[in-house]
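The values are calculated or read from the model by the stated rules, or taken from the named source; none is laboratory data. Every value quoted in this text rests on a predicted model; they were computed, and no experiment measured them. Backbone-built Cβ (ideal geometry, glycine too); neighbour counts: all protein chains shown. These area figures cover heavy atoms from the full protein model, side chains too; ligands, DNA and RNA do not enter into them. Shrake-Rupley method; radii C 1.70, N 1.55, O 1.52, S 1.80 Å.
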Amino acid sequence: MTAKNAEDPDNAAAGLGKIEGERLVKDRAARGTVYSPVTERVAADLKDILGPSGVTVDSEKCAAYSADETLPWFERDYPAEAVCFPQTTEQVSSLMSYANRNMIPVTPRGAGTGLSGGAVPALGGIVLSMERMNRIIEVDEINRTLTAEPGVITAEITKAAREHGMLYAGDPCSGDISFIGGNVAENAGGNKVIKYGATGAHVLGLEVVLPDGRVTAFGGKRRKDVTGYDFIRLIVGSEGTLAVVTKIILNLLPLPKCVMDLLAPMPDIESAVRLASLVATKSGVMPSSIEFMDRQSILNVEKFTGIEIPFSASAAAYLIIQVDGMEHEQLWRDAHRVGDVCVECGALEVFVGDDRNARDRIWEIRHLVAEEEWTISMPLLSKEDIVIPCGAIPAFMDELPGLAERHRASYNAYGHIGDGNIHMTVFPAEEDGRSDLFARADAMRLDLYHIVRRLGGALSGEHGIGLKRAKYSPIFLGETCVDLIKNIKRAFDPNHILNPGKIIP
Ligand SMILES: Cc1cc2nc3c(=O)[nH]c(=O)nc-3n(C[C@H](O)[C@H](O)[C@H](O)COP(=O)(O)OP(=O)(O)OC[C@H]3O[C@@H](n4cnc5c(N)ncnc54)[C@H](O)[C@@H]3O)c2cc1C
């Protein structure tokens, strides 16, 4: 099979439906690697490996597995040619070995909640859905570990740990819908990274299938291991480009018994950042969350929901600070100490939520900020995920009004300020019509990224590079780093069949 064959009408007829979209053919050709399409013969072979119900080539079903939550960026542009649903590691191994021999691209997929197009089949081929590998294999109280297959919903892991009186502390805001395998592949973060770390901090062991079908394991139920290179840290966050994760051993922690949330409206960005940076050292309490919302985010919520948020006329930013612990009275004392630092840093008020109802009302604001952003920014959801040193956040926020003015755009900013991780969405003004929205947002994004880089920041804190940001990653990585990434990729995947088109252009 040659690249030319893939564009040949006769060959397309032998393929399955409208699998060879114009863009796909162009992108495949531009890659220079010679990939094969999924023909009827290939589909039959895949069914031999996975059983008839383990494969679909139905174009509607394939379309449902061809996008993620980066919508509308990649909707319909990159159709999968087949979707496969393995149930065992052995099946994944046979499938990878077959795809590797036959030069068919394979894109691993979790729940498809990604925000960078990581699970989008950039060059077509097979989407490898992990949804049927969804067993919690074991909760081990003695070793304080939980072992699971990659297709388990994250919230089920949290629940299983809790039922055994333990905490699984990896907690992306998408925990109710994402899979643990997707969390590992993205090194997903969330609201609790400041205290507990991102997903990778909880991974003790992995079983993986390499692109050529070999099965291997890294780490295990041990908390120390310097035997050879740290492959776990390499696979975590590698966005399904190096290996398919088929089993995960997670570290569990003691379960905090009580939680309190504080909401602090702040008069200006500087004092909000000062509070976020100093609260732990000044209070002696390590918060489990420090979340930030700028004034525009709050105004968007008020405008679209009608909810009135206190101090919205005077506050420039809001912080939510969460503390957790084992004992209620101690936690009250901790919350007081944190509240004192809030006041010291200039908080206009400090609201404390110590029961479920009050806490839910505080977090509702934060959830609505993210929700309203989707409503406002369609059809262009530019959701950024930049991360900068906390000390540089005031300088960064100072740059934003000028950036918006240069590009005739508005923006809102919110996120995990304790980690320096700011989500922001730009809204180019629509007075010139919508036709060039994407081009203008792209120009603004480039400008933004150069500011972030100058301030010592990075392109993505937790959502990943995927397809969405691949063309920008060299701005941050530099030539030597890109070279190393290419060499590591080649060592794992010499034929470039596993999730091609991601991370670097
Ligand atoms: C409402 C909402 C809130 C969100 N909040 C957060 C948040 O707080 N923090 C955060 O970090 N992210 C967040 N996300 C983004 C997203 O949920 C995470 O990136 C999540 O980890 C993706 O998991 P998934 O199972 O949906 O993976 P997918 O989107 O299906 O895939 C993501 C990547 O993982 C790879 N992959 C999946 N499974 C495997 C496997 N078994 N082996 C190898 N590679 C694999 C894919 O190829 C792809 O590159 C949010 C998304 C939404 C929609």
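Couple of notes before you dig in:
- Dimensionless Rg over Rh [the chain; C-alpha; Kirkwood]: 0.98
- With 25 Å as the limit, the listed pairs 47/247; 224/247; 247/468; 159/489; 61/502; 192/383 have 247/468; 159/489 beyond it between alpha carbons.
- The stretch 254-318 and the stretch 79-128 have their alpha-carbon centroids 41 Å apart.
- The 1.4 Å probe gives accessible areas that order 257, 282, 502, largest first, as 257, 282, 502.
- Mean sequence separation of contacting Cα pairs (under 8 Å, at least six apart), scaled by the length of the chain, corresponds to a relative contact order of 14 percent.
- Partner lysines for residue 195 [C-alpha distance under 18 Å; skip if fewer than 8 residues away on the same chain]: 257, 282
- Within the accessible area of the chain (1.4 Å probe), percent carbon and sulfur: 52 percent
- Exposed loop sites, defined as GluC sites (Glu not before Pro) outside DSSP H, G, I, E and B with at most 15 other Cβ atoms within 10 Å, are absent from the longest region of the chain, namely 142-307.
- Relative frequency of Cα-Cα separations exceeding 14 Å in the stretch 119-165, percent: 57 percent
- Site pair residue 330 and residue 163 shows an inter-label distance of 2.8 nm when each label is modelled 7 Å from Cα along Cα→Cβ.
- The value of relative contact order for the stretch 136-254, using C-alpha pairs under 8 Å at least six residues apart, is 32 percent.
- In the assembled protein chains, residue 426 presents an accessible area of approximately 10 Å² (probe radius 1.4 Å).
- Solvent-accessible area per residue in the stretch 322-366 equals 56 Å², computed with a 1.4 angstrom probe and all protein chains kept.
- Per residue convex hull volume, Cα atoms of the stretch 414-484, in Å³: 114 Å³
- Whether the stretch 252-321 is rounded, prolate or oblate, judged on the alpha carbon gyration tensor where a/c under 1.5 counts as rounded: oblate
- Extension gain, residue 371 back to residue 227 (0.36 nm per residue minus Cα-Cα distance, nm): 47.4 nm
- Residue-averaged [θ]222 nm for the chain, counting only DSSP H segments that reach four residues, each worth -39500 (n - 2.57): -12000 deg cm²/dmol
- Directionally averaged projected area (the stretch 258-454, Cα convex hull): 10.9 nm².
- Compared with the dominant Cα axis of the chain, that is its longest principal axis, helix 393-406 is turned about 70°.
- Residue 460 long-range amide H proximity, modeled H, under 5 Å: 387
- Computed extension length for residue 337-residue 259: 26.6 nm, one decimal, from 0.36 nm per residue of separation with the Cα-Cα distance subtracted.
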